[in-house]
Amino acid sequence: MFLTELERSAETAWVSLLDQADLPADGWTLKQLSKRDDTHSARIVYRAMHVDGGAYIYKHQLRPTNSGSVKQQFEANKHVFDTFPNTPEFKVPEPIYLDENTQSCLLSHINGEPLSDPMLRAMNDSAAQMDLLKRAGAWLDRFHRSHLDERRTFQPKFTLRHLREFRASIESGQREVPAKPLILRGIAHMEAIAPQFKGQQTVSCLQHGDLHMRNLIVSDQSIGGIDFAKSGAAPVGHDIAKLLLDYTRFMRPSSDIPAGQVVPQDAVEAFFDGYQLTGPDDPSVGFLLFSSVISVLKLVPKHRRDRSHGKQRFLEQLRPIARNAYVSPNAEDTADVLRFYLTKRSLNRAENGEHEIVNVVSSVAKKAGMRVEVLLNTKQAKERVARGQEYSMVHMEPPLNNRGLTFRNCYGGPFWQIDQSGARWNWQVARQAFTASDTPRAEIDAFFNHWRTRLHGESAAAVSKQGFIYMPLQGKLLTCRSFQCCSPVEMIEATLQQSELPILATLHPNETYSQAERDALDALQQHHSRFQLVEMPMAQALSGCDLVVTQNSSAAFHAGFFGKASVLFAQVDFHHIVANVADLGVAAAFDAARGDLPDFACYLHWYWQQAINIEASDSQTQICHRLRHFGWPV
């Protein structure tokens, strides 16, 4: 059997430890309980069972060497054992022997399993979860009472000092973190709420220091704590916050948590049914629950490639909790707040500082004295915003209220539109008449060639007409919506009547199609040999097609880069450059598409000049003017 260096080191140290602890040399079975083995740390934990029935916990550390951490933890455990009132119901392990030379130690074994195991089995049993939390609270109450220090005035300034230093290191670039805007929002939130907790009375006790669910061992008869990491006193909120956050991130969806809180109310009540030393109104509990989220987030590397599976899971679990927790202290105070409501994917990008348009708009808003928040766009959020007067922005959908705006990329590059309408065909640019500018032709051609190369590379230069119509389908294939001339299926039938060319159609990757829709497409393929559903990248299709026919897909815009004409069956903002059935009728639109191609280079230059270029040196000025146009206080 192959053994790692850590496992070989543990075997050697085990033999030495048995001899020094005056335990039998033979008759042992070791079962590995946990292991960490990387460049910086190598440690392993076993349960050691003897044939005579003795049971122990054996710990060994290979790296780092001479750190003193094994000795410190052993002595912390000894201090707890000497003062904790062990009973058949409430337990801590007894330290048996420490070998400093091999960084190994032996402790008594507590029967049971980590609290996380029965919790996970009770995922759908709320009553069982609450009972386990009550038992955990009762054990921690006993632990804290046995090491009571004093009742003292709670001072948030110590936590805030640490958080402000952390923020400074982030803003200076010295420290890189994931979800940077979310962490900074959390620190600002704690600064805002700190006065609520300052000067109130709390209780100071010996800390456990690492109280998560795997460090509580439960059975039907008992519960015990293990792996004590601190030797000094601190407010009880440190241990309580760490345990309750650990429970929440594993066991509860963020929808269970009241806005502005970290932990579901039923979990708080169940825990304090068992923990009686102080209550949920203890200031250290209320305040440190918020900082505990940041304390875990700061351990996660910024880049996905550098995260272990466990650290990635931390981030995925804590993001929704943090978004829910760090909301404005006064929900009615909306005059100085801009809130972005984003999809999960866009929200992650924004929290990592990687959403360019959100970054630039946020900078403009902050300079105007507004606070900026990025939140998940949910049904509940839409309903709440619709009833209020806050300044809000959403991506590619109708604004959420009368102060709301929508933003959308203009089909490529750094060009964006911000508008009061979610319907592109009602935007200001759609209502304007296209008129060729007096910009020198050489400058227009250079602009066009630059963006054609940047967006499509060589594929836009090597074009041909291979004798087919490219038809990018979108959603709701059986429905004629208000901005459409007919349903997409009817569009297919009309195209088959207007042209003898075969049709290669593609489905939209982000749409979900019903069985009825798929059946309709299958029937069309069976009845019309010229209609075929294919999988083909847009650039490849545009490079080889003779014509693009669609409702209002962005592929019709990009067709101009490939020198191809388009027929559209729906309203759109770039209608100036396409043959639109709504304006011309079906037959006339197809006739127009067979004629001379419009000057797309000239149109592209005009169209993108109407947009906000976030790469331009005056991008913030452009955004400021646009927001002012809609009455925003910037």
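The values are calculated or read from the model by the stated rules, or taken from the named source; none is laboratory data. In this text the structure is predicted, and so the values were computed from the model without any measurement. Cβ: placed from backbone, ideal geometry, glycine included. Neighbour counts: every protein chain shown. Accessible surface is based on the protein model in full, side chains and every heavy atom, while ligands, DNA and RNA are left aside. Shrake-Rupley method; radii C 1.70, N 1.55, O 1.52, S 1.80 Å.
Of all residues in segment 83-101, one or more are open to solvent by less than 80 Å² (accessible area, probe 1.4 Å), in a helix (DSSP H, G or I) and on the phi < 0 side of the Ramachandran plot.
Table: residues versus (1) more than 15 Å from residue 604 (Cβ to Cβ); (2) in contact with a Pro (Cβ under 6 Å, 6 or more places away or on another chain); (3) loosely packed, with under 12 Cβ neighbours inside 10 Å; (4) of a type outside the set (D, E, K, R).
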{"residue": "413", "(1), (2), (3), (4)": "no, no, no, yes"}
{"residue": "416", "(1), (2), (3), (4)": "yes, no, no, yes"}
{"residue": "424", "(1), (2), (3), (4)": "yes, no, no, no"}
{"residue": "427", "(1), (2), (3), (4)": "yes, no, no, yes"}
{"residue": "433", "(1), (2), (3), (4)": "yes, no, yes, yes"}
{"residue": "440", "(1), (2), (3), (4)": "yes, no, yes, yes"}
{"residue": "451", "(1), (2), (3), (4)": "no, no, no, yes"}
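For segment 585-604, the set of residues classified as of a type in the set (A, V, I, L, M, F, W, C), in contact with a strand residue (DSSP E or B) (Cβ under 9 Å, 6 or more places away or on another chain) and more than 18 Å from residue 481 (Cβ to Cβ) consists of 588, 589, 590, 592, 593, 597, listed by residue number.
Take residue 84 and decide whether it is closer than 25 Å to residue 207 by Cβ and touching a Leu at 6+ places or on another chain (Cβ under 6 Å). So residue 84 does not fit the description; no. When the helices (runs of 4 or more DSSP H) confined to segment 432-534 are screened for residues that are within 19 Å of residue 579 (Cβ to Cβ), those reaching at least 3 such residues are found at 488-498. Which members of segment 221-265 meet the condition of being over 30 Å from residue 59 (Cβ atoms) and among the small types (Gly, Ala, Ser)? Of everything in segment 221-265, those that are over 30 Å from residue 59 (Cβ atoms) and among the small types (Gly, Ala, Ser) turn out to be 254, 255, 259, 260. From the list 302, 311, the lone residue that is modelled with pLDDT of 90 or more, of a type outside the set (Asp, Glu) and over 30 Å from residue 201 (Cβ atoms) is 302. Number of residues in segment 564-600 that are part of a helix (DSSP H, G or I) and within 16 Å of residue 410 (Cβ to Cβ) equals 4.
Considering segment 466-487, the residues that are under 18 Å from residue 584 (Cα atoms) and of a type in the set (Gly, Ala, Ser) include one that is surrounded by the fewest Cβ atoms within 10 Å (Cβ to Cβ), namely 482. Answer yes or no as to whether residue 204 is open to solvent by less than 30 Å² (accessible area, probe 1.4 Å), out of contact with any Phe, Trp or Tyr (no Cβ under 7 Å at 6 or more places or on another chain) and among the polar types (S, T, N, Q). The answer is yes for residue 204. Scanning segment 444-485 for residues being in contact with a helix residue (DSSP H, G or I) (Cβ under 7 Å, 6 or more places away or on another chain) and charged (D, E, K, R) gives a total of 2. Of the listed requirements (1) hydroxyl-bearing (Ser, Thr, Tyr); (2) more than 30 Å from residue 344 (Cβ to Cβ); (3) modelled with pLDDT under 95, residue 222 misses just one: (3). Remark: pairs (first residue in segment 180-203, in contact (Cβ under 8 Å) with a residue 40 or more places away in the chain; second residue open to solvent by 40 Å² or more (accessible area, probe 1.4 Å) and part of a helix (DSSP H, G or I); Cβ separation under 6 Å; 6+ apart in sequence or on different chains) = 187/167. Residues of segment 601-617 that are outside any helix (DSSP H, G or I) and buried (at least 16 other Cβ atoms within 10 Å of the Cβ): 610, 611, 612, 613, 614.
Once segment 406-415 is narrowed to residues that are in a strand (DSSP E or B) and touching a residue at least 40 places away in the same chain (Cβ under 8 Å), the residue that is farthest from residue 614 (Cα to Cα) is 407. Total residues in segment 417-431 satisfying the condition of being out of contact with any Phe, Trp or Tyr (no Cβ under 9 Å at 6 or more places or on another chain) and either over 17 Å from residue 552 (Cβ atoms) or among the small types (Gly, Ala, Ser) (or both): the figure is 2.
Exactly one residue among 59, 31 is in contact with a strand residue (DSSP E or B) (Cβ under 7 Å, 6 or more places away or on another chain) and in contact (Cβ under 8 Å) with a residue 40 or more places away in the chain, and that residue is 59. Only one of the numbered conditions (1) over 19 Å from residue 435 (Cα atoms); (2) open to solvent by less than 20 Å² (accessible area, probe 1.4 Å) is not met by residue 572, and that is (1). Look through segment 547-564, keep the residues that are of a type in the set (Gly, Ala, Ser) and more than 35 Å from the chain's Cα centre (by Cα), and return whichever of them is surrounded by the most Cβ atoms within 10 Å (Cβ to Cβ). Restricting to residues being of a type in the set (Gly, Ala, Ser) and more than 35 Å from the chain's Cα centre (by Cα), the top hit is 560. From the residues in segment 1-43 that are surrounded by 14 or more Cβ atoms within 10 Å (Cβ to Cβ) and in contact with a Ser or Thr (Cβ under 7 Å, 6 or more places away or on another chain), which one is modelled with the lowest pLDDT? Only one residue fits best here, namely 37. Going residue by residue through segment 284-298, is there one that turns out to be polar (S, T, N, Q), open to solvent by 10 Å² or more (accessible area, probe 1.4 Å) and farther than 21 Å from residue 166 by Cβ? Checked against the condition, which is being polar (S, T, N, Q), open to solvent by 10 Å² or more (accessible area, probe 1.4 Å) and farther than 21 Å from residue 166 by Cβ, segment 284-298 yields no hits at all. Pairing each residue of segment 503-530 that is basic (Lys, Arg) with any residue that is surrounded by 12 or more Cβ atoms within 10 Å (Cβ to Cβ), provided the two are 6+ apart or on different chains, yields C-beta distances under 7 Å for 530/496; 530/502; 530/503.
Does segment 347-405 hold any residues that are part of a helix (DSSP H, G or I), closer than 26 Å to residue 321 by Cβ, open to solvent by less than 50 Å² (accessible area, probe 1.4 Å) and polar (S, T, N, Q), and which are they? Scanning segment 347-405 gives 348, 362. Would a scan of segment 268-276 turn up a residue that is modelled with pLDDT of 95 or more, within 24 Å of the chain's Cα centre (by Cα) and open to solvent by 40 Å² or more (accessible area, probe 1.4 Å)? No, the conditions are met nowhere in segment 268-276.
Looking across 106, 133, one residue alone is more than 40 Å from the chain's Cα centre (by Cα), at negative phi, buried (at least 16 other Cβ atoms within 10 Å of the Cβ) and touching a residue at least 60 places away in the same chain (Cβ under 8 Å). It is 106.
When 501, 496, 521, 542 are checked against the criterion of being open to solvent by 20 Å² or more (accessible area, probe 1.4 Å) and in contact with a strand residue (DSSP E or B) (Cβ under 7 Å, 6 or more places away or on another chain), a single residue qualifies: 501.
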